[in-house]
Amino acid sequence: MRATRYRGAAIALTGVLAVSLSACAGGDTDASGPADLKMALWSSNEGHLALLKKIGDAYVAEHGDEVTSITFEPVTNPDYIAGLTTQIAGGDVPDLAWIPEASGPEFVDSGILHDVRDTLKDTEGYDLDDILPAALAPWQDDKGGVYAYPFSNSPFALYINEDLLAKAGQPDVKSLVGTPNYTWETITDIAAATNSKTGAVGLNVPTFNPTNWSAVTMLGNAWGAAPWSEDGATCEFASPGMIDYLTWYQKQMSRGAIPAVSGNAAPAAFASGDVAFSIAQLSQSGSLDDSFEWSFLPLPAGPKGYHPIVGQAGVSVLERSKHQKQAAGFLAYLTNPTNAELLAQFFPPPRQSLLNVKTLSKAAPKLSPEEIQSAIIDVVPEAKVKPQHPVLSQFSDKVRAGLDPVWSGGDVKAAVTGICEQISPTLKG
Amino acid sequence: MRSDASSAARGRSRVTAVTLYVLLVAASVPFLYPTLWMFFSSFKPANEIFLQPPTLLPGEWTLDGFAQVFTAQPFLQQYGNSMYIAAIVTVASILLSAMAGYAFARIRFPLRNVAFTLMLAAMMVPTEVTIIPIFTAVNAMGLNNTHWPLIILPILGPTAVVSVFIFRQHFLSFPKEYEEAARLDGVTRAGVFFRIALPLAKPAIAAVGIMAFLRSFNMYFEALIFLRTPENFTLGLAITRYQDFYGEQMWNTQLGAASLTVVPILVVFLIAQKQFVQGLAQTGLKG
Amino acid sequence: MTARTSAANDRRVVPSRRPRPDGDRWLGVAFVAPQVLGVIILGVVPFLFVIWYSFNEWRPLTGEMKFIGLDNYSRLFADPTFSASVIASLLFSAGVLVLNLVIAISLAVLLNRRMKGITAFRTIFFSPVVVSVVAWSVTWGFLLAPDGGLNGALRLLGIDGTNWLADSSTALISLVVVQVFKGVGMNMVLFLAALQSVPEEIREAAQLDGASPWKSFWSITVPMIAPTILLTGILTTIGSLEVFAPVQLLTGGGPGDATNVLPFFLYRTAFVSQQFGYASAIGVVLFAIILTLTMLQWTSRRKWVHDEV
């Protein structure tokens, strides 16, 4: 072996390659002149894309001097936020993006989003004050900056397969709404009975898989449970409320009211007709046909009362966009009262002026006016958003791992204590 | 172990043969059943997939699962992406690793042992380890969401070392006389490689070609990191993205797409399996 | 891995005139250049960067990068997720290595005979190798579900199956099984080829001497296929430490961190938690583990591989 003699040469060669590799880095393009805008979004639904494209084309036609084209790029990664952050980290920054609410504070805090308050305020006819304060709050910082328009502000509701319940000989759930009997306990009793009589799934919790723990813990509000304190600094997974809630949840799984978790697989779809209850949002009604009769009801109450929840998504301009100004201009157009009404076709709007049966009936023609009133309009003003935290991505996997034993029937108290031990240092920052 | 060859034990050997078949049939189940189940379930209506007790054959045959394969995603284009990437990777891997394997086996040149040791060592650096610098370099070159990383990495990256090794082993045992005769006739060394050694290396070509094709076709981690838009997806990534808008998996569609991905290659394999297996058997990995 | 075959060639060295030896030298360099440079640019250099990155705190979302010395490592060794991840990787790798080699050699021995239908079985055992890893994983996901095919079959036998992928005692072994059945056909073929090069007379002679098939397997067959065991062992180990797709598609690292193998932990840390520096430290550890296990197998060969590879 003459290896040693050449080792020096090999190392030198390596160094040269390293330099040449990094020299390949591309330069920035300039930001002046009309822009080609790119917007990243979660949905690849044709209807959504067509509507957005229509609004985009109209804007380009009016403002050709500022914007020459607008491209809508779906990021279809099931883990949307991982896909988006990977894209941003890669320096391939879209000008606008949909941001799910769970990541809102984190994105606002780390300065990724551009403050669009002034643009929105100064746009004629935009009427920023029309936006529900509760909906806007997650997207604001202490100084009142506005980092997104919460274009979808959609309450979680209880879908019910009436045919399946009738087949299983269960009582009429609809008539329970508004009575003290409309509780999770009643619903899960019915779910468990339906499951044991028909083999169908009892109650589906939204997009429930082990990595989506925030969707599951959000229901804990009705048990007085929250994952952490209001200021985000203290872990509250081990609070009595959360333990009660998770113990209850475990019991529902063991008696078949809620399906067991299966690895990374999703549960049966409500649309398949084999699910008695499903917690989902308004937009899901779009996937339901007439093959069975269903209703859309507000969430039931828990031991600590009725706690409605909304799921949100915002549209933001990214700070690292090379066309912030043009992108903010388009955002103001996309979400003005006229276009917000168009968007309401798919996404319940956060605007007070649009929150009425007439507008929302367009959004979900399959819902009755009473359902819209009781499960959406009455709900939105008091609803809370899903749990949020400014460094969520840094400890989210630890919570996921910590909760896993709960889903498979393990000791709840040990699990939540373990979670708090693990994430408390991160929460404190 | 060929005890059945012994005539003294013929009676016993019949029993042995039956035992052997039973054993082999039982062993086949975990290899065969998943693929069969995937194939047949793609003809089931969605609600039959978790029917209790589970079934292999559909109770009601339907093409529903396939209907949305092509509308929910640009599946044909994704198929094309996977095929053209795998084709480039296969051809380039064969050519480049044959050249390198031949040189390592037959030509003396400076730093040969250092270079070969370096290559063997590089096998221990998978893309999973180096993904961050590769990710930043790919982005810096503006190649994010293109197929370039999926083409370059398997051809030239550390995963290609096994191919070089296979060719090297093959050419080490390639009779020198053939080459020397040609060289005395005035054929250049390059000519010897391209006109004599390479055409005679069919088993190694088959082995490397199959491995390179499968490697490219199975590439998932890199695709997940580098590809963003559905029209650029490769098949592996596409199969994981059959969700309806509300995030619920479209099971039968997903299984339909999986079947469409698997079945054509399986058919090619069944037709060419003799060459397939023989090529692999002669990789030189048997020592 | 060179000695045996090159020695074989040296025997036939002909006193040859070497036409244009210098031209040959450069041809050799040119022939290996693409692959050698490729391995340096896409393997060695990025790895040096990984080492460098591991000394930094780097949040790619904001682009901030700060030198912090060994802090990532001290954090790593205090992180329970990391130790769980190392354990998951080692258990997974050990499980795959043992199960894969045992099944591959057993199948090869069973198939190494002339009998009707042997080719069909060989085809069946090899077929998962050509099935896309994503399709294979997705399908097993259905089969291993609580009300999936496996539990359905067990119920017919009167056994109550568990929730394979969600139960912390079965999730990792389920992944091992998925990985092994996917790839064992490849090793089986390699072993078949190795077995076919074992001269039949030697085994028959041993049996005439009264050695049981089991004994002659250990004393004759195994030593003769030892080089193949070594090579497939090393390649299978490296491959198992790189596992990603089945983990992401079937368990997402759970339950708990039972299947949170290092490549998956690295991916989540880098691309979900957005901590490139910390993830790079995980990469360095992953490399160190691959290096150690490969070296262990390679240096142990003197003890059991008599015929040098």
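The values are calculated or read from the model by the stated rules, or taken from the named source; none is laboratory data. Since the model is a prediction, treat every value here as computed from it, not as a measurement. Positions of Cβ are generated from backbone atoms using ideal geometry, with glycine treated the same way; all protein chains shown enter the neighbour counts.
So which residues in region A:272-327 are aromatic (Phe, Trp, Tyr) and over 30 Å from B:ASN252 (Cα atoms)? So that I can check it myself, show each step before the final result.
Just the residues of region A:272-327 that are aromatic (Phe, Trp, Tyr), to begin with: A:277, A:292, A:294, A:296, A:306.
Once the filter is applied, which keeps residues that are aromatic (Phe, Trp, Tyr) and over 30 Å from B:ASN252 (Cα atoms), region A:272-327 yields only A:TYR306.
Pairs, please: C-beta under 6 Å, at least 6 apart or cross-chain, first residue within 11 Å of chain B (Cβ to nearest Cβ) and in contact (Cβ under 8 Å) with a residue 24 or more places away in the chain and in region A:283-296, second surrounded by fewer than 17 Cβ atoms within 10 Å (Cβ to Cβ) and assigned to a loop (DSSP other than H, G, I, E, B)?
A:SER285/A:LYS366
Every residue, every condition in (1) hydroxyl-bearing (Ser, Thr, Tyr); (2) within 14 Å of chain C (Cβ to nearest Cβ); (3) not in a helix (DSSP H, G or I), yes or no:
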| residue | (1), (2), (3) |
| --- | --- |
| A:GLN312 | no, no, yes |
| A:SER316 | yes, yes, yes |
| A:ALA327 | no, no, no |
| A:TYR333 | yes, no, no |
| A:THR338 | yes, no, no |
| A:LEU360 | no, no, no |
| A:GLU370 | no, no, no |
| A:GLN388 | no, no, yes |
| A:VAL399 | no, yes, no |
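Which helices (runs of 4 or more DSSP H) does region C:149-236 wholly contain that include 3 or more residues that are away from chain B (no Cβ under 12 Å) and at pLDDT 85 or above? Working first, answer last.
Details: elements: C:149-156, C:171-196, C:200-208, C:213-216.
Helices (runs of 4 or more DSSP H) meeting the threshold: C:171-196.
Taking C:PHE82 as meeting all but one of (1) more than 27 Å from A:THR85 (Cβ to Cβ); (2) buried (at least 19 other Cβ atoms within 10 Å of the Cβ), write down the number of the exception.
The one condition C:PHE82 does not meet is (1).
If you scan region B:141-161, which residues turn out to be surrounded by fewer than 22 Cβ atoms within 10 Å (Cβ to Cβ), in contact (Cβ under 8 Å) with a residue 12 or more places away in the chain and within 24 Å of B:LEU198 (Cβ to Cβ)?
Correct list: B:ILE151 only.
Give all pairs with beta carbons closer than 6 Å in which a residue from region A:84-95 that is more than 15 Å from B:PHE135 (Cβ to Cβ) and at the interface with another protein chain (Cβ under 7 Å from one of its Cβ atoms) meets a residue that is buried (at least 23 other Cβ atoms within 10 Å of the Cβ) and of a type outside the set (Lys, Arg); count only pairs at least 6 apart in sequence or on separate chains.
Close Cβ pairs satisfying both conditions: none exist.
Kindly indicate whether C:SER93 is touching a helix residue (DSSP H, G or I) at 6+ places or on another chain (Cβ under 8 Å), more than 21 Å from C:MET186 (Cβ to Cβ) and part of a helix (DSSP H, G or I). Spell out the reasoning first.
Values: touching a helix residue (DSSP H, G or I) at 6+ places or on another chain (Cβ under 8 Å): yes; more than 21 Å from C:MET186 (Cβ to Cβ): no; part of a helix (DSSP H, G or I): yes.
For C:SER93, the condition - touching a helix residue (DSSP H, G or I) at 6+ places or on another chain (Cβ under 8 Å), more than 21 Å from C:MET186 (Cβ to Cβ) and part of a helix (DSSP H, G or I) - is not met.
Suppose the filter is assigned to a helix (DSSP H, G or I), modelled with pLDDT under 70 and more than 14 Å from chain C (Cβ to nearest Cβ); does A:GLY56 pass it? Don't jump to the end; show me each part of the working.
Values: assigned to a helix (DSSP H, G or I): yes; modelled with pLDDT under 70: no; more than 14 Å from chain C (Cβ to nearest Cβ): yes.
Criteria not met by A:GLY56.
Any idea which of (1) modelled with pLDDT under 95; (2) surrounded by 22 or more Cβ atoms within 10 Å (Cβ to Cβ); (3) within 7 Å of chain C (Cβ to nearest Cβ) is the one B:VAL138 doesn't satisfy?
(3)
Only one residue in C:ILE87, C:ILE124, C:ILE105 is more than 7 Å from every other protein chain (Cβ to nearest Cβ), in contact with a Phe, Trp or Tyr (Cβ under 6 Å, 6 or more places away or on another chain), outside any loop (DSSP other than H, G, I, E, B) and closer than 21 Å to C:VAL180 by Cβ, so which one is that? Give the derivation first.
Numbers: C:ILE87 fails: in contact with a Phe, Trp or Tyr (Cβ under 6 Å, 6 or more places away or on another chain); C:ILE124 fails: more than 7 Å from every other protein chain (Cβ to nearest Cβ).
Every option except C:ILE105 fails the conditions.
Out of A:ALA97, A:ALA135, I need the residue that is among the small types (Gly, Ala, Ser), crowded, with 22+ Cβ neighbours inside 10 Å and assigned to a helix (DSSP H, G or I). Which one? It would help to see each step written out before you state the result.
On the way: A:ALA97 fails: assigned to a helix (DSSP H, G or I).
When all the criteria are applied, what remains is A:ALA135.
Restricting the search to region A:328-379, which residues are of a type in the set (D, E, K, R) and either surrounded by 21 or more Cβ atoms within 10 Å (Cβ to Cβ) or touching a residue at least 40 places away in the same chain (Cβ under 8 Å) (or both)?
Initially, region A:328-379 is screened for residues of a type in the set (D, E, K, R), giving A:341, A:351, A:358, A:362, A:366, A:370-371, A:378.
Matches in region A:328-379: A:ARG351, A:LYS366, A:GLU371, A:ASP378.
Just wondering, is there one or more residues in region C:48-59 that are assigned to a loop (DSSP other than H, G, I, E, B) and at pLDDT below 95?
Step one: list which residues in region C:48-59 are assigned to a loop (DSSP other than H, G, I, E, B), which gives C:54-55.
The next check asks that each one be at pLDDT below 95; those that pass are none.
Scanning region C:48-59 turns up no residue that is assigned to a loop (DSSP other than H, G, I, E, B) and at pLDDT below 95.
Please count how many residues of region C:237-258 are touching a Gly at 6+ places or on another chain (Cβ under 7 Å) and more than 10 Å from chain B (Cβ to nearest Cβ).
Of the residues in region C:237-258, 3 are touching a Gly at 6+ places or on another chain (Cβ under 7 Å) and more than 10 Å from chain B (Cβ to nearest Cβ).
Residue-wise test of (1) more than 14 Å from A:TYR249 (Cα to Cα); (2) touching a Cys at 6+ places or on another chain (Cβ under 8 Å); (3) at pLDDT 90 or above; (4) outside the structural domain of A:LYS398 (by TED's automatic domain parsing).
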| residue | (1), (2), (3), (4) |
| --- | --- |
| A:ASP109 | yes, no, no, yes |
| A:TRP139 | yes, no, yes, yes |
| A:TYR149 | yes, no, yes, yes |
| A:LYS167 | yes, no, yes, no |
| A:SER196 | yes, no, yes, no |
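Give me a count of the residues in region A:61-92 that are among the aliphatic types (A, V, I, L, M), surrounded by 18 or more Cβ atoms within 10 Å (Cβ to Cβ) and either outside any helix (DSSP H, G or I) or at pLDDT 90 or above (or both).
Going through region A:61-92, the residues among the aliphatic types (A, V, I, L, M) turn out to be A:61, A:67, A:70, A:75, A:81-82, A:84, A:88-89.
Cutting the leftovers down to surrounded by 18 or more Cβ atoms within 10 Å (Cβ to Cβ) gives us A:67, A:70, A:75, A:81-82, A:84, A:88-89.
With either outside any helix (DSSP H, G or I) or at pLDDT 90 or above (or both) added as a condition, the list becomes A:67, A:70, A:75.
So the count comes out to 3.
Filter region B:57-74 down to residues that are at pLDDT below 90, part of a loop (DSSP other than H, G, I, E, B) and buried (at least 17 other Cβ atoms within 10 Å of the Cβ) and give me whichever is nearest to the other protein chains (Cβ to nearest Cβ).
Per the stated criteria, the residue is B:GLN73.
Among the listed residues A:LEU331, A:LEU403, A:LEU360, identify the single one that is closer than 27 Å to A:ASP118 by Cβ and under 22 Å from the mean Cα position of the chain (by Cα). If you could, list the steps in order and put the result at the bottom.
Working: A:LEU403 fails: closer than 27 Å to A:ASP118 by Cβ; A:LEU360 fails: closer than 27 Å to A:ASP118 by Cβ.
The unique qualifying residue is A:LEU331.
Quick check on my filter: what residues within region A:31-50 are surrounded by fewer than 18 Cβ atoms within 10 Å (Cβ to Cβ) and out of contact with any Lys or Arg (no Cβ under 9 Å at 6 or more places or on another chain)? Quick ask: steps written out before the conclusion?
The first filter runs over region A:31-50 and keeps only residues surrounded by fewer than 18 Cβ atoms within 10 Å (Cβ to Cβ), leaving A:31-34, A:36, A:46-47, A:49-50.
Within region A:31-50, A:SER32, A:GLY33, A:PRO34, A:ASP36, A:GLU46, A:GLY47, A:LEU49, A:ALA50 meet the criteria.
Could you list all residues from region A:289-310 that are in a loop (DSSP other than H, G, I, E, B) and surrounded by fewer than 20 Cβ atoms within 10 Å (Cβ to Cβ)? Lay out the reasoning, then the answer.
Of all residues in region A:289-310, those in a loop (DSSP other than H, G, I, E, B) come to A:289-293, A:298-300, A:303-304, A:306-308.
Passing the criteria: A:ASP289, A:ASP290, A:SER291, A:PHE292, A:GLU293, A:PRO303, A:LYS304, A:TYR306, A:HIS307.
Would you point out the residue of region C:237-256, among those that are of a type in the set (Gly, Ala, Ser) and over 8 Å from the mean Cα position of the chain (by Cα), that is modelled with the highest pLDDT? I'd like the intermediate steps shown before the answer.
Quick first cut of region C:237-256, residues of a type in the set (Gly, Ala, Ser) only: C:239-240, C:245, C:252-254, C:256.
When the remaining residues are screened for being over 8 Å from the mean Cα position of the chain (by Cα), the result is C:245, C:252-254, C:256.
Working: C:ALA245: 95, C:GLY252: 87, C:GLY253: 89, C:GLY254: 81, C:GLY256: 88.
Residue satisfying both the conditions and the ranking: C:ALA245.
Taking the residues in region C:259-273 that are in a loop (DSSP other than H, G, I, E, B) and surrounded by 24 or more Cβ atoms within 10 Å (Cβ to Cβ) as candidates, determine which candidate is nearest to the other protein chains (Cβ to nearest Cβ).
Of region C:259-273, the ones in a loop (DSSP other than H, G, I, E, B) are C:259-261, C:272-273.
Checking which are surrounded by 24 or more Cβ atoms within 10 Å (Cβ to Cβ) leaves us with C:259-261.
Values: C:THR259: 9, C:ASN260: 7, C:VAL261: 10 Å.
The residue in question is C:ASN260.
Suppose we keep only residues that are touching an Asp or Glu at 6+ places or on another chain (Cβ under 9 Å) and in a helix (DSSP H, G or I) within region C:65-81. Which one would you say is nearest to C:GLN274 (Cα to Cα)? It would help to see each step written out before you state the result.
Here is the first cut: in region C:65-81, the ones touching an Asp or Glu at 6+ places or on another chain (Cβ under 9 Å) are C:65-68, C:71-72, C:80-81.
Retained after the next criterion (residues that are in a helix (DSSP H, G or I)): C:71-72, C:80-81.
Numbers: C:ASP71: 17, C:ASN72: 14, C:PRO80: 19, C:THR81: 16 Å.
For region C:65-81, the residue satisfying everything is C:ASN72.
Given the residues C:SER174, C:SER168, C:SER137, which is the only one that is touching a residue at least 40 places away in the same chain (Cβ under 8 Å) and surrounded by fewer than 20 Cβ atoms within 10 Å (Cβ to Cβ)?
Values: C:SER174 fails: surrounded by fewer than 20 Cβ atoms within 10 Å (Cβ to Cβ); C:SER137 fails: surrounded by fewer than 20 Cβ atoms within 10 Å (Cβ to Cβ).
It is C:SER168.
Look at C:LEU107 and say whether it is touching a residue at least 24 places away in the same chain (Cβ under 8 Å) and buried (at least 20 other Cβ atoms within 10 Å of the Cβ).
Details: touching a residue at least 24 places away in the same chain (Cβ under 8 Å): yes; buried (at least 20 other Cβ atoms within 10 Å of the Cβ): yes.
Criteria met by C:LEU107.
Of (1) surrounded by fewer than 19 Cβ atoms within 10 Å (Cβ to Cβ); (2) more than 8 Å from chain C (Cβ to nearest Cβ); (3) not polar (S, T, N, Q), B:LEU270 satisfies all except one. Which?
(2)
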